[in-house]
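Let me begin by presenting the structure, written as structure tokens, before commenting on it.
The values are calculated or read from the model by the stated rules, or taken from the named source; none is laboratory data. It should be emphasised that the depicted structure is a prediction, and the values quoted were computed from it without experimental measurement. All Cβ positions, glycine included, derive from the backbone under ideal geometry; neighbour counts span all protein chains shown.
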Amino acid sequence: MTDYSELARTLDERIAAAADLATLDAIRVEALGKTGTISELLKSLGKMSPDERREQGPKINGLRDEVAAHIARRRAALETAELDARLASERVDLSLPPPPERRGRVHPTMQVMDEMIAVFAEMGFSLAEGPDIEDDFHNFTALNFPPKHPAREMHDTFWLPVNEKGERKVLRTHTSPVQVRVMQRLNEKLPSWIAGGQEPPIRVIVPGRTYRSDSDATHTPMFHQLEGLVIDRDIHMGHLKWTLDQFIARYFETPVVETRFRPHHFPFTEPSAEMDVRCDRSGGDVKIGQGADWMEIVGCGMVHPNVLRNCGLDPDQWQGFAFGFGVDRLGMLKYGMPDLRDMFASDVRWLEHFGFSAFQAPNPATGLS
Ligand code: DAH
């Protein structure tokens, strides 16, 4: 009597151990294929005596059915595992953040401000800031604008409604009030462990937003200025001219600049001037440093003795100069924007075109670019 249990056990073990569908199929061919072990056993039935066949037939057929069923079960299990693995590997985690995409551009005004800061930082100026909402004292009175003087109207001031203290504040019309704040800070009682600080020298620049009720191709209700203030002993207009000449040459990246002072009036400086720079307007755009034309570039002057007094400084001991640039205007000149209003229209196409990459940031330590 032939025993198939050994063959059945070996096949069972191998089927159970088959790790993938290809291995399982190889086992199937080996056992149940045309010339497979079990197929050969089935063929051998024909050569047996009827008695033998009666006995062996059910056993061999049973073995074939059992092995085929086991292979089918194992195949189903392997297929399920394979599908599970694929689903796991192809899964998308929708809660993950998307990959970073750089979209924004640096606004030309901010780029220009950073360029200006970089140049003045090299010259030893530090930064000061003040509030956009100012009081009448800092914006006008301390700066020697006489009360009720038409100059207060000259600026097309945005006045705020009278507050509960009876004060009428303004959106600052220029960055000059920060001059006052910087000088007044000298009078503040500083802790004893802070060295100096109670006396000039002062060497600051003040970038910031300013506001006037005005709108055309060269004016917007909000714009940007950069103020400069230097206070020390024996300061004169020569220092002012040198500082502005240096700045203009560095900012426009031209070695040759020719400038001239044109007399002007500002209540807070005496004498006051506007500085013009030689330029060429014969082509489409303005070329700085050459040509037959002059262009106004900055308001400036020697700090008025009344302003020094209003801020607690003795004008017989301390002198100073001050200047105020229009930042947006300086950007238009350097980068060729025709209309100031476009600067603040938030048109994405304009920003893409005139904006700067964040990697082009001027660095106060290393210069413009
Ligand atoms: N504050 C002036 C303006 O807004 C600009 C200015 C002129 C500032 C002369 C100054 C200066 O510091 O000395 O038109």
Fill in the blank from the handout: Cβ pairs under 7 Å, 6+ apart or interchain, first in the range 8-32 and in the same structural domain as Thr80 (by TED's automatic domain parsing), second of a type in the set (A, V, I, L, M, F, W, C) and not in a helix (DSSP H, G or I), ordered by first then second residue, are Leu24/Ala18; Ile27/Ala18
Handout entry: Condition met for Asp156 (exposed (fewer than 15 other Cβ atoms within 10 Å of the Cβ) and within 13 Å of the ligand (Cβ to nearest atom))
Key = yes
Exercise for the section: Quick one: in the range 1-51, of everything that is polar (S, T, N, Q) and in a helix (DSSP H, G or I), which residue is nearest to Glu82 (Cα to Cα)? Expected result: Thr23
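I want to confirm something. Restricting to the range 208-224 and keeping residues that are among the charged types (D, E, K, R) and within 14 Å of the ligand (Cβ to nearest atom), which single residue is farthest from Thr175 (Cα to Cα)?
Looking at the filtered set, the residue picked out is Asp214.
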Practice task
Starting from the range 218-246, take each residue that is farther than 11 Å from Cys300 by Cβ and assigned to a helix (DSSP H, G or I) and list its partners that are away from the ligand (no atom under 14 Å from the Cβ) and β-branched (Val, Ile, Thr), counting only C-beta distances under 7 angstrom and pairs at least six apart or across chains.
Solution key: Asp245/Val257; Asp245/Thr259
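With at positive phi and either within 11 Å of the ligand (Cβ to nearest atom) or surrounded by fewer than 16 Cβ atoms within 10 Å (Cβ to Cβ) (or both) as the only criterion, which of Glu258, Glu227, Glu296, Glu253 stands out?
Working: Glu258 fails: at positive phi; Glu227 fails: at positive phi; Glu296 fails: at positive phi.
The unique qualifying residue is Glu253.
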Practice task
Give the number of residues within the range 299-350 that are away from the ligand (no atom under 13 Å from the Cβ), free of Cβ contacts under 8 Å to residues at least 40 places away in the same chain and of a type outside the set (Phe, Trp, Tyr).
Solution key: 12
Practice task
Output yes when any residue across the range 66-88 is at pLDDT below 95 and not in a helix (DSSP H, G or I), and no when none is.
Solution key: no
Practice task
Test each condition in (1) away from the ligand (no atom under 13 Å from the Cβ); (2) over 22 Å from Glu122 (Cβ atoms); (3) of a type in the set (Asp, Glu); (4) in contact with a strand residue (DSSP E or B) (Cβ under 8 Å, 6 or more places away or on another chain) for Asp232 and report the one that comes out false.
Solution key: (2)
Exercise for the section: Within the range 186-201, identify whether any single residue is in contact with a strand residue (DSSP E or B) (Cβ under 6 Å, 6 or more places away or on another chain), within 13 Å of the ligand (Cβ to nearest atom) and within 24 Å of Met123 (Cβ to Cβ), and answer yes or no. Expected result: no
